[in-house]
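Asker: Handing you this structure, nothing more for now.
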Amino acid sequence: MKIHHSILIDFMEDKDIKIIAEIGTWESNMMKRILDTYGCSITRYWATDIWGWSERYIRVSEEHWDKLYFKACQLMHQYPQLRVIRGSSLKIFKIFPKHYFDLVYLDADYHYDFIVNTIKNWLPLIKKDGFLLGKIPRSFHPEEILKAVSDCFGENVTLNRNDYTWIHRVR
């Protein structure tokens, strides 16, 4: 099984992806790998995370969250197209215009309500023929994720169970 960094890098290979949002940046590993690979063609990369307390990471200290956030912010010196926002994706979406993103990647809270609300909020922000992708971690409620994605898109979603991802192309 590939790690999700490689899956997204492979997915982007033959696509004209210029503007990306990553919802759930955590340790900044994916952002760094994508920008190292496609930084010349990406004009804007929005990295978002709450970098704070959540049920999922109850044992992570505030000090550690701050450290992860500052790490992401420091990468803006290395990647001029990178913008980092600390806050909930359920609020952040309001700052972007409709049809702005080529790709939005969802790897944050894996609960049904969060996924459905995030999809509803961010989907209008994606350009025609753009993509909304998400991770299906085996360790965090995969059945809730699959139900949320199915409820939002019906048959208009590709589930890749080998790579634990889902993909929706905006038409």
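The values are calculated or read from the model by the stated rules, or taken from the named source; none is laboratory data. The structure displayed is predicted, hence computed values, not measured ones. Backbone-built Cβ (ideal geometry, glycine too); neighbour counts: all protein chains shown.
Asker: Within region 39-64, take every residue that is surrounded by fewer than 19 Cβ atoms within 10 Å (Cβ to Cβ) and either outside any loop (DSSP other than H, G, I, E, B) or in contact with a Leu (Cβ under 7 Å, 6 or more places away or on another chain) (or both) and give me the one that is modelled with the highest pLDDT.
Answerer: Per the stated criteria, the residue is Arg44.
Asker: I've got another one for you. Checking the structure you have, find out if any residue of region 91-102 is in contact (Cβ under 8 Å) with a residue 24 or more places away in the chain, buried (at least 20 other Cβ atoms within 10 Å of the Cβ) and of a type in the set (A, V, I, L, M).
Answerer: Scanning region 91-102, I find no residue that is in contact (Cβ under 8 Å) with a residue 24 or more places away in the chain, buried (at least 20 other Cβ atoms within 10 Å of the Cβ) and of a type in the set (A, V, I, L, M), so the answer is no.
Asker: Within the set of pairs 6+ apart or on separate chains, which have a first residue in region 154-165 that is at negative phi and among the basic types (Lys, Arg), a second that is in a loop (DSSP other than H, G, I, E, B) and surrounded by 13 or more Cβ atoms within 10 Å (Cβ to Cβ), and C-beta atoms under 9 Å apart?
Answerer: Arg161/Ile136
Asker: Sticking with this one: Which one of the conditions (1) more than 19 Å from Leu125 (Cα to Cα); (2) charged (D, E, K, R); (3) part of a strand (DSSP E or B) does Glu27 fail to meet, given that it meets all the rest?
Answerer: Condition (3) is where Glu27 drops out.
Asker: Test Gly87 against the criterion of being under 22 Å from Trp26 (Cβ atoms), surrounded by fewer than 17 Cβ atoms within 10 Å (Cβ to Cβ) and not hydrophobic (A, V, I, L, M, F, W, C), and give yes or no.
Answerer: Details: under 22 Å from Trp26 (Cβ atoms): yes; surrounded by fewer than 17 Cβ atoms within 10 Å (Cβ to Cβ): yes; not hydrophobic (A, V, I, L, M, F, W, C): yes.
When the stated conditions are applied, Gly87 passes them.
Asker: In region 18-40, which residues are more than 20 Å from Ala108 (Cβ to Cβ) and of a type in the set (Val, Ile, Thr)? Break it down stepwise before answering.
Answerer: At the first step, the residues of region 18-40 found to be more than 20 Å from Ala108 (Cβ to Cβ) are 18, 36-40.
Once the filter is applied, which keeps residues that are more than 20 Å from Ala108 (Cβ to Cβ) and of a type in the set (Val, Ile, Thr), region 18-40 yields only Thr37.
Asker: In region 67-119, what residues are farther than 22 Å from Lys32 by Cβ, in a helix (DSSP H, G or I) and touching a helix residue (DSSP H, G or I) at 6+ places or on another chain (Cβ under 7 Å)?
Answerer: Matches in region 67-119: Leu90, Phe93, Tyr112, Ile115, Val116, Asn117, Thr118, Ile119.
Asker: Further question on the same structure: For Asp129, indicate whether it is surrounded by fewer than 18 Cβ atoms within 10 Å (Cβ to Cβ) and on the phi > 0 side of the Ramachandran plot.
Answerer: When the stated conditions are applied, Asp129 passes them.
Asker: How many of the residues making up region 132-163 are surrounded by 16 or more Cβ atoms within 10 Å (Cβ to Cβ), more than 25 Å from Tyr45 (Cα to Cα) and among the charged types (D, E, K, R)?
Answerer: Number satisfying all stated conditions: 1.
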